[in-house]
Every structure is written in structure tokens, then in C-alpha cells.
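The values are calculated or read from the model by the stated rules, or taken from the named source; none is laboratory data. Everything numeric here is computed off the predicted structure, so don't read it as measured data. When we count neighbours, we look across all protein chains shown, and the Cβ atoms used for this are built from the backbone with ideal geometry, even at glycine.
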Amino acid sequence: MPSIRGAGVAALLAAGGLLASPVAVAAAPVPAAVAQAQDALQGTVNFRDLGGYRTVSHARVRPGRVFRTDALNRTTDADLGALARLGVRAVVDFRTPGEVAGDGADRLPPGLAVTARPISDAGMYAAVNAAIGSKDPAKQEAVLGGVRGAEIMRALYRTFVSDAGSRAAFGRTLRDLADRSSTPLVFHCTSGKDRTGWMSYLLLHALGVPDSTARYDYLLSNQYRQDADAATRAQLKAAGYMQDPELLVPIQEVRPDYLDAALDQVRRSYGTLDRYLRVGLGVDARTQARLRHDLLVR
């Protein structure tokens, strides 16, 4: 496949991956830790600290302990120094082997190893890249046109709950976060919005952060990815890959109904989100107590 700026379609999508006309995020102050972390790395566009959010009990998520991001395969030398200064002890990569092969492995400071914990994307990555790589508008319309893109995303989010391998990866990461020796910890997927977004939502819920705040954090990906995603769409069109890159809109943005699809599957399979955490992910009351003890400050 021809390259664009030295990268294949897969790498190009990983660098952009989202839409530049994002779902609106309700007006609310972004915690200082989130805003500061956004500027910490040059080779990412969605790197942020989950610290600073308030819980229902008026505690605050401790800054500098948990970071969410898009892939770390484009980190610069300066980024390696920033990760070292942040004291990062663990990096969890939710990407599939195909994503890693297409986009590149994480580039990390010496001595910091990545934990590969792949979460299936239900074939979305390969299907979308194949459609784009075909340069065939009819094929792209057949895969992404109409409501099909949104249906792909809602189905993907349901697998976060229904797929045993996905549950194991999310549950293990939550248990890692409850182990003080594993933090500061960074977790990520390709664009840092879907698998990473669900992981962040679950952690914030487990810590007692209100649902409205957890949703706010989920939707922030649209805001932080905006400029890079606009450039990606323009490059795809200019290079002749897509006549209508707006077909990527449902795939590339986060939407409330995607999150709601996962939560609906939680209700169908487990009844409540707390039971999903406990039974589906193996995050028992003791683990949740450790999470709150280590990751909250009053």
C-alpha cells in the first residue's frame, strides 16, 4: 500500500483516528492534572492524567498515578524523558498484535517494559483499513455508509462486556492499579478512546466518581484529538484513499450511545455495573477498597 508521509494507512489512522467535528462536551472545568498531562508528550495527542476528578464523597483522584493515552509508538526522545520524570512504572497496551505490527511497538524509556494485554476490536481495525486501502468509494460505502459505521462501534463496545478475553484484560488492569508497586501506570490502545475510554470509565466508577464526570472524561477524547484528526482526513483525501473521508465519522469519534451500548450489555449480562466489576472482572470489594485507598486523596 502506498505510504503517506512515510506511513501506511494503518499508521496514518493511528495518528489521527478521530473526527474533527466532535460530540459536544458539556461545559466543565478540566482538572489541572488532565490539562497539564495533555502537554506532557509530543508524540501523542490524547495523553492525560486521570487525576483531579472529584468523587461523590468529595475525595479527589490522586494526580500522577494513572495516565490514559493513545499509542506510544511515536514518542520522541523528549517524550522518553518526560515519561521517566513522571515515574511511570508500568505500561499496558490493549492493542492487538495486528495493530502493533501495523503501527509499531511502544517506544519507552530504557528499563520500562510494556505489558501486552490485547483486547479484540472484533475485526474493526482490519476491515476499516482494508476498505480505505482499496481506494474504492463503493467498497468504503458498503462498509461504513449509512448507519453501518455506528453499528460497528456499538457492537464493538458490547464485546468489551461479553468477550471473556476482554473482561480478563480490563479486570487484570484494574487489579494492577490496586497494587501500589504498579503505579504510576499508563494504559492505552491505538487512538486512546474506545478500549482506553471504557477502561477509564470503569476505573472512575470504581473510585466513586459520578457518572456524569466519568462520561465527561470519556467524551474529552473528541476535543483532544480534534486537530490531528482533521489532518488525517485531509491526508486521506489528498492521497486519493477516500473521496469522502467523512465516512470515518462514526468509527473515529466517541459517542454517548457507544458507551450506552456497553452499559446496556452490562445490564443484560450482569444486572449492575458493580456486579460486572465483581463477577465479570474479578474486582472484589477488597480490590476496590485498595483502589480507593491508593488512588484517592482528601
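One line per residue, one yes/no per condition, for (1) more than 16 Å from Leu50 (Cα to Cα); (2) among the polar types (S, T, N, Q):
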| site | (1), (2) |
| --- | --- |
| Ser200 | no, yes |
| Tyr218 | no, no |
| Lys237 | yes, no |
| Leu247 | yes, no |
Inset, instruction - Kindly check whether there is at least one residue in segment 116-135 that is part of a strand (DSSP E or B) and under 16 Å from the mean Cα position of the chain (by Cα). - result: yes
Inset, instruction - Quickly run through segment 237-268 and pick out the residues that are closer than 14 Å to Val128 by Cβ, hydrophobic (A, V, I, L, M, F, W, C) and at pLDDT 95 or above. - result: Met242
Legend entry - Breaking point among (1) of a type outside the set (Phe, Trp, Tyr); (2) within 18 Å of Asp70 (Cβ to Cβ); (3) surrounded by fewer than 15 Cβ atoms within 10 Å (Cβ to Cβ), for Arg286: (2)
Inset, instruction - Have a look at Thr232, Thr190, Thr196, Thr183 and point out the one that is over 26 Å from Gly98 (Cβ atoms), in contact (Cβ under 8 Å) with a residue 12 or more places away in the chain, surrounded by 18 or more Cβ atoms within 10 Å (Cβ to Cβ) and β-branched (Val, Ile, Thr). - result: Thr183
Inset, instruction - Filter segment 62-82 down to the residues that are among the hydrophobic types (A, V, I, L, M, F, W, C) and touching an Asp or Glu at 6+ places or on another chain (Cβ under 9 Å), then identify the one that is nearest to Asp106 (Cα to Cα). - result: Leu72
Inset, instruction - Could you look through segment 102-148, keep only residues that are among the hydroxyl-bearing types (Ser, Thr, Tyr) and closer than 30 Å to Arg175 by Cα, and pick out the one that is surrounded by the fewest Cβ atoms within 10 Å (Cβ to Cβ)? - result: Thr115
Inset, instruction - Can you tell me which residue within segment 206-233, out of those that are of a type in the set (Asp, Glu) and out of contact with any Ser or Thr (no Cβ under 7 Å at 6 or more places or on another chain), is farthest from Thr44 (Cα to Cα)? - result: Asp211
